[in-house]
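See below for the structure under consideration.
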Amino acid sequence: MTHAAIRQAAYAANMQLPELGLVLFTFGNASAVDRKAGVFAIKPSGVPYRELTPEMMIIVDYEGRVVEGNLRPSSDTKTHALLYKEWSNIGGIVHTHSTYGTAWAQAQLPIPIMGTTHADHLTVDVPCAPPMADARISGNYEHETGWQIIEHFRELGLDPSEVEMILVGNHAPFTWGKSVEKAVYHAAVLEEVARMAYLSRQINPDAPRLKESLVQKHWQRKHGKDAYYGQQ
Ligand SMILES: [Zn+2]
């Protein structure tokens with residue numbers, strides 16, 4: 001089996017999505033990149049998770065061209081390809097339509113940073129790119145979805161190695177990480193903070209965002225130079 005490592009990583013990541021309750025049916029996809037080879041492995045389109053095998057993962061280059069595989073790759077492949085091409089530090093990407101994350105995307109709102117769970121993972125709201133313009137939708141849609149993400153990061157001055165998640169307005173979450181395992185983790189974190197923020201605003205519509213001292217405390221103890229969260 002060629003590209004065995006990324007096939008196995010992409011397979012395992014895809015299988016985790018339904019286990020974590022992040023996808024229904026065949027919604028969602030995960031991919032893992034091999035930077036030396038310049039290709040990534042992604043789920044085939046429309047195949048139920050229980051039928052997947054590592055051998056069925058499709059090997060694709062950064063232009064979205066299939067290098068190896070008999071099945072059609074995920075319909076979102078061109079979004080993954082562009083993100084790998086433009087953001088050379090990321091190792092894996094996940095896309096889901098997880099319920100709470102997607103609800104914020106449909107509401108066209110960033111997920112506000114309201115608690116320490118959120119601050120353990122990022123110091124800003126989970127960004128929400130605007131819904132795509134008609135010209136982008138009628139053009140090379142999945143490729144343009146990638147640009148929608150990248151341009152929104154540029155507008156906000158965000159670094160994709162620090163903020164590893166976004167909502168695309170009217171669509172759903174995309175997450176990434178140094179590895180596809182990290183991208184899956186971030187997809188689960190996004191869903192959880194989306195749910196917590198939603199519930200908090202239900203209990204108290206005027207609940208404020210987390211104050212900056214707590215944002216910094218929680219971020220620094222996990223990611224700062226004197227981090228002390230977890231084991232050495
Ligand atoms: Zn989607």
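Here's the yes/no breakdown for (1) under 20 Å from THR79 (Cα atoms); (2) of a type in the set (A, V, I, L, M); (3) surrounded by fewer than 17 Cβ atoms within 10 Å (Cβ to Cβ):
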site	(1), (2), (3)
MET165	yes, yes, no
ASN170	yes, no, yes
THR175	yes, no, no
LYS178	yes, no, yes
TYR185	yes, no, no
VAL189	no, yes, no
ALA197	no, yes, no
ASN204	no, no, yes
Residue identified as closer than 19 Å to VAL163 by Cα, touching a Leu at 6+ places or on another chain (Cβ under 7 Å) and not charged (D, E, K, R) among ALA183, ALA188, ALA197, ALA227: ALA188
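Restricting the search to the range 84-100, which residues are over 25 Å from ASN140 (Cα atoms) and either buried (at least 17 other Cβ atoms within 10 Å of the Cβ) or away from the ligand (no atom under 16 Å from the Cβ) (or both)?
Going residue by residue through the range 84-100, those that are over 25 Å from ASN140 (Cα atoms) are 99-100.
Selection gives TYR100 alone.
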Are there any pairs, at least 6 apart or on different chains, whose C-beta atoms fall under 6 Å, with the first in the range 84-112 and within 15 Å of PHE40 (Cα to Cα) and of a type in the set (A, V, I, L, M) and the second assigned to a strand (DSSP E or B) and within 16 Å of the ligand (Cβ to nearest atom), and if so, which? ILE90/TRP176; ILE93/SER31; ILE93/TRP176; VAL94/ALA30; VAL94/THR175
Residues being part of a helix (DSSP H, G or I) and touching a helix residue (DSSP H, G or I) at 6+ places or on another chain (Cβ under 7 Å): count how many of those fall in the range 172-182. 2
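Pull up the range 27-52, narrow it to residues that are in contact (Cβ under 8 Å) with a residue 40 or more places away in the chain and within 16 Å of the ligand (Cβ to nearest atom), then point me to the one that is nearest to HIS186 (Cα to Cα). Give the derivation first.
Going through the range 27-52, the residues in contact (Cβ under 8 Å) with a residue 40 or more places away in the chain turn out to be 27-33, 35, 40, 52.
Of the ones still in play, those that are also within 16 Å of the ligand (Cβ to nearest atom) are 27-31.
Values: PHE27: 17, GLY28: 14, ASN29: 14, ALA30: 12, SER31: 14 Å.
Filtering the range 27-52 for residues that are in contact (Cβ under 8 Å) with a residue 40 or more places away in the chain and within 16 Å of the ligand (Cβ to nearest atom), the one nearest to HIS186 (Cα to Cα) comes out as ALA30.
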Cross-chain or 6+ apart pairs with Cβ under 6 Å, the range 217-228 first and without any contact (Cβ under 8 Å) to a residue 60 or more places away in the chain, then in a loop (DSSP other than H, G, I, E, B) and loosely packed, with under 11 Cβ neighbours inside 10 Å: ARG221/TYR228
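Could you check how many residues of the range 1-29 are farther than 13 Å from TYR84 by Cβ and not in a loop (DSSP other than H, G, I, E, B)?
15
So which residues in the range 160-179 are touching a His at 6+ places or on another chain (Cβ under 6 Å) and away from the ligand (no atom under 15 Å from the Cβ)? Let's see the steps before the verdict.
Taking the range 160-179 and keeping what is touching a His at 6+ places or on another chain (Cβ under 6 Å), we get 164-165, 172, 174-175, 177.
Those that are touching a His at 6+ places or on another chain (Cβ under 6 Å) and away from the ligand (no atom under 15 Å from the Cβ): GLU164, GLY177.
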Identify the residue in the range 30-50 that is assigned to a loop (DSSP other than H, G, I, E, B) and under 23 Å from GLY177 (Cα atoms) and, among all such residues, is nearest to the chain's Cα centre (by Cα). LYS43
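Here is a check on your reading of the model: is TRP219 outside any strand (DSSP E or B), under 21 Å from the mean Cα position of the chain (by Cα) and at pLDDT 95 or above?
Values: outside any strand (DSSP E or B): yes; under 21 Å from the mean Cα position of the chain (by Cα): yes; at pLDDT 95 or above: no.
It is false that TRP219 is outside any strand (DSSP E or B), under 21 Å from the mean Cα position of the chain (by Cα) and at pLDDT 95 or above.
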With ALA105, ALA119, ALA81 as the choices, which residue is within 29 Å of LEU158 (Cα to Cα), surrounded by 22 or more Cβ atoms within 10 Å (Cβ to Cβ), away from the ligand (no atom under 16 Å from the Cβ) and among the small types (Gly, Ala, Ser)? ALA119
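The values are calculated or read from the model by the stated rules, or taken from the named source; none is laboratory data. Please read all numbers here as calculations on a predicted model, not as lab measurements. A quick note on method: Cβ atoms are made from the backbone with ideal geometry, for glycine too, and the neighbour counts reach across all protein chains shown.
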